[in-house]
Amino acid sequence: MAQDIIDGINPTRMELLSLKNRTKLAVKGHGLLKEKRDALIKEFFDILDRVKGIRENAELSLKEANEALVEAQIAMGDLAVKKAALSVKESIDVEITSRSVMGVAVPVTNVKMEERSIIDRGYGFSDTTIQLDEAAKKFEESLKYLIELGEVEKTIYLLAEEIEATKRRVNALEHIMIPRFQNTEKYIDMRLQEMERENFVRLKMIRSTIEKNEKAAAAAEAAKNAEA
C-alpha cells in the first residue's frame, strides 16, 4: 500500500478530514470532466459529419472552376488569361471571430463576398471571353467553400486536442489520484486505530501499575500499623 499513498502524510484526524474533502473534490471534478469529454466528443462527431459535405462541395467547385479556366485558356490563350488575372481586384473580406465549445475557443468565419460583374472584377469586355467570366465565378464560389472547410477542420483539430487532454485528466483522476487519496484515507484510519489501541494498552498498563502501587502502599501501611 505504501507506494499507493501520498508521500509525507501525517496520520492525524485533521489530515484525514482534509483528505476526505480533497477526495470529494476529486470525485466531483472527475464527474465534470467526464461530462465535458462526452460533450466534446459529441460536438466533434457532429462537425465531422459536416466536413465530408463541405469538402465534396469544395472539390466539385474547384473541378468546375479548373475546367472553366482551361476552356478560357483555349479560347483566349495563356497570356491573355494571366493578364486578365493580374487586373482582378480583391473581392473578399473575411472576419474571423470565435465561439466557445465547452471552454475551447474555436474559429468562426464570416465571409463577405458579393456577386460581381466583369466591371467589378477589373478586367475589360473586349479582350476576355464568357469562359473566363465563368471560371472567375467558379473560383469565387470555391473560395467560400475553402474558407468554410478551413474553419471546420481547424475546429476539429482543436476539439481533438482538448478531447485527448481531457481524457488524460479523467484517467489520471480515475486511476491514480482518487485511488491514491482513498488508499491514504485507509492508511490514516488504520494508523489512528492502531494508535488508539496502543494508547488503550498504555493506559491500561499505567492503571494497573498505579493499582499495584496503591495496593503495595496499602499493604505497607497495614503492616506498619500492625507493628505499632
Please tell me the relative contact order of the chain in percent, rounded to the nearest whole number, where contacts are Cα pairs under 8 Å and at least six residues apart.
36 percent
For the range 4-15, what does the Karplus curve 6.51 cos²θ - 1.76 cosθ + 1.60, with θ = phi - 60°, yield as ³J(HN,Hα) per residue in whole Hz, taken in order and with x for Gly and Pro?
9, 10, 6, 5, x, 7, 9, x, 10, 5, 5, 5
Find me the longest stretch of the chain that has none of the exposed GluC sites (Glu not before Pro), where exposed means in a DSSP loop (not H, G, I, E or B) with at most 12 other Cβ atoms within 10 Å.
116-228
Where a Cα-Cα gap under 18 Å defines reach, which aspartates and glutamates qualify for Lys82, not counting those fewer than 8 residues away within the same chain?
Glu67, Glu71, Glu90, Asp120, Asp127, Asp133, Glu134, Glu140
When ligands, DNA and RNA are left out and all protein chains stay put, how many square angstrom of accessible area per residue does the chain have with a 1.4 Å probe?
68 Å²
Quick one: go through the range 1-40 and flag any residue whose amide nitrogen is under 17 Å from the point 7 Å out along the Cα-to-Cβ line of Asn199.
10-17
Putting +1 on Lys and Arg Cβ atoms and -1 on Asp and Glu Cβ atoms, find which of Ile96, Ala226, Phe139 reaches farthest to the positive end of the dipole of the chain.
Ala226
Grab the other residues whose beta carbon is less than 12 angstrom from that of Glu71, score K and R as +1, D and E as -1, and report the net.
-3
Built amide H within the under 5 Å cut-off of Val101, gap 5+
Val106
Helix-only [θ] at 222 nm, the chain, -39500 (n - 2.57) per DSSP H run of 4+, per residue, nearest 500, equals -27000 deg cm²/dmol
Of all the accessible heavy-atom surface of the range 165-209, with the other protein chains kept in place and a 1.4 Å probe, what percent is carbon and sulfur?
56 percent
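The values are calculated or read from the model by the stated rules, or taken from the named source; none is laboratory data. All figures in this text were calculated on a predicted structure; none of them were measured in a lab. Cβ: placed from backbone, ideal geometry, glycine included. Neighbour counts: every protein chain shown. Surface areas here come from the heavy atoms of the whole protein model, side chains and all, with no ligands, DNA or RNA. Shrake-Rupley method; radii C 1.70, N 1.55, O 1.52, S 1.80 Å.
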